[in-house]
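First the structure, in the form of C-alpha cells, and then the observations on it.
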Amino acid sequence: MSSPAGQGYMVAVPSPFVVDQSPFGQSPAQQPDFGLIEIQRARVRARTMSYNLPLAEMQNLQMNEMAPPQAANPTASASPTGYGSSSPAGFAMPGRFSSTKQMDVHTPIHSMPIDTRTCFPEASQQIQQIEVPAHAHALKRRGRAQTVGALPCSHVSVAVIAPGGGTGINASVYAAMGRKDGCRLEIVGQSRAPYDRYPASWGDQGAPAPNLESFTLDLLSKNALANSDVLVVGSRGGQVVLPVLWQRMGDACPPAVVMNGGCAMGLPAPVQWPTNAATFVLLGGQDYFRGNQSMQNYVADAKSRVPQDNKTTAILLVHEMTHMPQAELLNQILMHMIRAIHSWHATGNVPVDDFSTILGDLRRGSWSGVLTYKTGAGDSWKMEAFP
C-alpha cells in the first residue's frame with residue numbers, strides 16, 4: 001500500500017524479546033512479544049519504548065537492508081541541504097506487511113498473533129509512533145537474550161530530528177539503538193516533507209513557511225520534545241532546528257548530539273548558543289561542510305563558536321567521516337556519545353569514561369581524528385588524537 005505524500009504508517013515491529021514465562025497463561029511459543037496501539041485512541045505512556053518511522057524509514061527497518069543511494073542531485077550537492085542524502089521515498093508497501101487477521105484498535109494486545117504486520121495511516125505528518133506496553137518491558141527485562149556488544153543506556157529518551165538526521169540511510173543504526181534496554185527512541189518529523197527547507201532568513205537558499213523554522217516552532221507549540229532527554233540532529237537540523245530550539249528554550253533545551261556540526265559554523269542567521277548548553281559535535285573530515293579548511297582549522301573554527309563561559313561542549317573530528325556518517329561509525333560511537341552528553345548535562349562532571357570508550361572504539365575501528373572537550377570556562381579545552 002503506497003503512502004500519500006507527507007504521510008507515514010504506524011507498524012507493529014516484532015521485538016527481540018525471549019519470553020521465559022507468560023503472564024497470560026500461554027506457552028512461550030504462543031505468547032506475543034509486541035503490541036500496536038493507535039495513538040489517538042489508546043495512548044500508553046508508562047514505561048514505553050517507541051520508534052517514529054516515516055514510511056521509507058519503516059521499510060528499511062522491516063526489510064533489514066539499506067536503501068541504495070539516490071542519484072546525485074546537482075542542486076542538492078551544491079547546497080548544504082543534503083537532500084541527495086536523506087531517506088528514500090516512494091516505495092510501495094510490500095504485500096507481506098499486510099495483516100493476515102482482521103483486527104481493530106480494540107483487539108487486546110495479548111491476542112494479536114506474533115506474525116501480524118498491521119498498518120494504519122497516521123493523522124500526524126510529523127510524529128508517528130510504535131509503542132510497546134509496560135508488560136512487554138517486564139518480559140524483556142526478565143528474558144531477553146543479550147546481543148553481543150549490546151549496551152544499556154540508563155533509561156534515556158532520545159529524539160532524532162529526521163530532516164538531516166539520516167534516518168533513511170542509517171535506519172538500521174537507529175533501529176539497533178531503539179532495541180537497547182532502557183532506551184526510548186523517537187524519530188521526529190520527516191525528511192523531504194514540505195517544511196524540509198531553509199527559512200527565509202537564509203536569503204536565496206531560503207523559503208517562506210512551511211520551512212524548518214516553522215516546523216521547529218510547531219514542535220515547541222505542541223510541546224513535542226518535553227519528554228526528550230537527548231536530541232540527535234544532523235546537517236540542516238543542526239543548522240536550523242537546534243538554533244531555533246536554543247533561541248526559544250535557552251538553557252532548558254535538552255543536550256544534543258550534532259552530526260556535521262551545523263550549529264558550529266558560519267550561518268546566514270546568527271546562532272544564540274546558550275551558555276549552559278550541553279553539546280557533542282561530530283565533524284567529518286570528508287564532509288563538504290568543511291569547505292577548504294584544513295582539519296586543524298576546521299576544529300579551531302568550531303571551537304570558536306562555543307561561548308567562552310560554556311563548560312559542557314565536546315567536538316569529535318573523524319577524518320574519514322562523510323557528510324552522511326557511515327553506519328559502521330555510528331554503530332560504534334553514537335550510543336556512547338548520547339550517554340556521554342546525557343551524563344554531562346545531568347551531573348556537570350566531564351564524562352571521561354565515556355570519552356575513553358569512544359576513543360577506544362574508534363582506534364579499534366581504524367578511524368583517525370581528534371577529540372577535544374571543555375574542562376572549564378574560557379579556553380580550557382583538552383585534546384586527544386586517535387588512533
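The values are calculated or read from the model by the stated rules, or taken from the named source; none is laboratory data. A quick note: this is a predicted structure, and the numbers were derived from the prediction, not measured. Counting neighbours? That spans all protein chains shown, and the Cβs are built from the backbone with ideal geometry, glycine included.
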For this session: Please indicate, with yes or no, whether at least one residue in the range 319-339 is more than 19 Å from ALA162 (Cα to Cα), assigned by TED's automatic domain parsing to the domain that holds GLY376 and either modelled with pLDDT under 95 or part of a loop (DSSP other than H, G, I, E, B) (or both).
Result: no
For this session: Could you identify the single residue in GLY182, GLY168, GLY189, GLY164 that is farther than 16 Å from VAL240 by Cα, in contact (Cβ under 8 Å) with a residue 60 or more places away in the chain and not assigned by TED's automatic domain parsing to the domain that holds HIS342?
Result: GLY168
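Among the residues of the range 193-207, are any under 22 Å from SER343 (Cβ atoms) and of a type in the set (Asp, Glu)?
First, pick out the residues of the range 193-207 that are under 22 Å from SER343 (Cβ atoms): none.
There is no residue in the range 193-207 that is under 22 Å from SER343 (Cβ atoms) and of a type in the set (Asp, Glu).
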Problem set entry | Failed condition for ALA300, given (1) of a type in the set (A, V, I, L, M); (2) free of Cβ contacts under 8 Å to residues at least 60 places away in the same chain; (3) buried (at least 18 other Cβ atoms within 10 Å of the Cβ) | (3)
Seminar exercise, completed: When restricted to LYS222, LYS180, the only residue of a type in the set (D, E, K, R) and closer than 30 Å to ASN331 by Cβ is LYS180
Exercise. Do we find a residue being in contact with a His (Cβ under 7 Å, 6 or more places away or on another chain), touching a residue at least 60 places away in the same chain (Cβ under 8 Å), within 25 Å of ALA340 (Cα to Cα) and not hydroxyl-bearing (Ser, Thr, Tyr) anywhere in the range 215-225?
Worked result: no
Problem set entry | Count of residues meeting criterion [in a helix (DSSP H, G or I) and farther than 16 Å from SER228 by Cβ] in the range 251-280 | 3
For this session: Kindly establish whether GLN247 is of a type in the set (S, T, N, Q), surrounded by 23 or more Cβ atoms within 10 Å (Cβ to Cβ) and under 30 Å from ARG339 (Cβ atoms).
Result: no
For this session: Name the single residue, out of those in the range 305-326 being out of contact with any strand residue (DSSP E or B) (no Cβ under 7 Å at 6 or more places or on another chain) and farther than 14 Å from GLY234 by Cα, that is surrounded by the most Cβ atoms within 10 Å (Cβ to Cβ).
Result: ARG305
Seminar exercise, completed: Taking the range 340-375 and the residues there that are among the small types (Gly, Ala, Ser) and not in a helix (DSSP H, G or I), the one that is farthest from VAL173 (Cα to Cα) would be GLY348
For this session: With the condition kept exactly as written, say whether any residue in the range 156-169 is modelled with pLDDT of 50 or more, touching an Asp or Glu at 6+ places or on another chain (Cβ under 9 Å) and farther than 27 Å from ALA346 by Cβ.
Result: yes
Exercise. Before we move on, is GLN296 over 25 Å from LYS180 (Cα atoms), assigned by TED's automatic domain parsing to the domain that holds LEU359, part of a helix (DSSP H, G or I) and over 15 Å from the mean Cα position of the chain (by Cα)?
Worked result: yes
Problem set entry | Positions within the range 349-387 being basic (Lys, Arg) and surrounded by 12 or more Cβ atoms within 10 Å (Cβ to Cβ), in sequence order | ARG363, LYS374, LYS382
For this session: For the range 205-223, state whether one or more residues are at pLDDT below 95 and assigned by TED's automatic domain parsing to the domain that holds ALA327.
Result: yes
